[in-house]
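Notes follow once the structure below has been shown.
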Amino acid sequence: MAATPPRQPTAARQAEIVGTLLQLAAERSALEITTTDIARAMNVSQGALFRHFPTKEAIRLAVVDWIETSLMQRLDAAREQAATPVEALRGMFRAHVRFFMEYPGAPRFVFGELQHPSETPVKERVCRLMRHYRERLGGVLEQAAGRGLLRPGLDHDAAASLFLGAIQGLVIQSMVTGDPSRLETQAPALFELYLSGLEVRS
């Protein structure tokens, strides 16, 4: 009989639960993952999970919170380290791709929630994450436009959508082919194609 893991402080156990769900999501639809699956992967009882989260929905909301906090920290760091707004966009693109390579369950979780047929608190939270992301992109695009680095009249909302769509396309291809290396190998060229549609043409 397997030994029961020692009891951990709530914050540590919550982080472990979130991490376990994301690990499981890397292999299957996140919508299909049950608390039984999470507990089994952690070698604990379902009751142990519910000592740290009141419901399955609370676990899923915590996953979205973790994804947003972790991803936005990387995006902000890339933006702050860049010498120009265009370099900030390049750094943010690279940071996003690397994040998804490290945590392949994250995009599967996000995509799964966005495809949910009904409105749920978790889906609403994912949509809020996306809004926050677009706000960051919009700020960088405004800075680039203010420096005359982008084509006059460029639709910044469309540019933000294309930025996100390019990354999502890479992720979906890697999921379909089962080859996550596509993210890293194709990302630089794809970003340059994206940028060619934005920059001032000489």
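Total residues in segment 49-60 satisfying the condition of being buried (at least 18 other Cβ atoms within 10 Å of the Cβ) and assigned to a helix (DSSP H, G or I): the figure is 3. Take segment 114-123 and flag every residue that is surrounded by 13 or more Cβ atoms within 10 Å (Cβ to Cβ) and either closer than 22 Å to H96 by Cβ or of a type in the set (K, R) (or both). Passing the criteria: V122, K123. Consider only pairs whose beta carbons are under 7 Å apart and that are at least six residues apart or on different chains; among these, list those whose first residue lies in segment 118-140 and is within 19 Å of S161 (Cα to Cα) and whose second residue is open to solvent by 60 Å² or more (accessible area, probe 1.4 Å). Sorted first by the residue in segment 118-140, then by its partner, the pairs are K123/L114; V126/L114; V140/R79.
Just one residue in the set T84, T34 is more than 17 Å from the chain's Cα centre (by Cα), open to solvent by 10 Å² or more (accessible area, probe 1.4 Å) and over 26 Å from L141 (Cβ atoms); that residue is T34. Report yes if some residue within segment 135-157 is of a type in the set (D, E, K, R) and open to solvent by less than 50 Å² (accessible area, probe 1.4 Å); otherwise report no. There is no residue in segment 135-157 that is of a type in the set (D, E, K, R) and open to solvent by less than 50 Å² (accessible area, probe 1.4 Å). Hey, does segment 148-157 have a residue that's small (G, A, S) and either assigned to a helix (DSSP H, G or I) or modelled with pLDDT of 95 or more (or both)? No: zero hits. Taking the conditions (1) surrounded by 14 or more Cβ atoms within 10 Å (Cβ to Cβ); (2) over 15 Å from the mean Cα position of the chain (by Cα); (3) at pLDDT 90 or above in turn, R182 satisfies each one other than (3). Of the candidates V110, V86, V126, the single residue that is over 23 Å from T20 (Cα atoms), of a type in the set (V, I, T) and part of a helix (DSSP H, G or I) is V86.
The values are calculated or read from the model by the stated rules, or taken from the named source; none is laboratory data. A quick note: this is a predicted structure, and the numbers were derived from the prediction, not measured. When we count neighbours, we look across all protein chains shown, and the Cβ atoms used for this are built from the backbone with ideal geometry, even at glycine. Remember, those area values only see protein heavy atoms, side chains included, never the ligands or the DNA or RNA. Shrake-Rupley method; radii C 1.70, N 1.55, O 1.52, S 1.80 Å.
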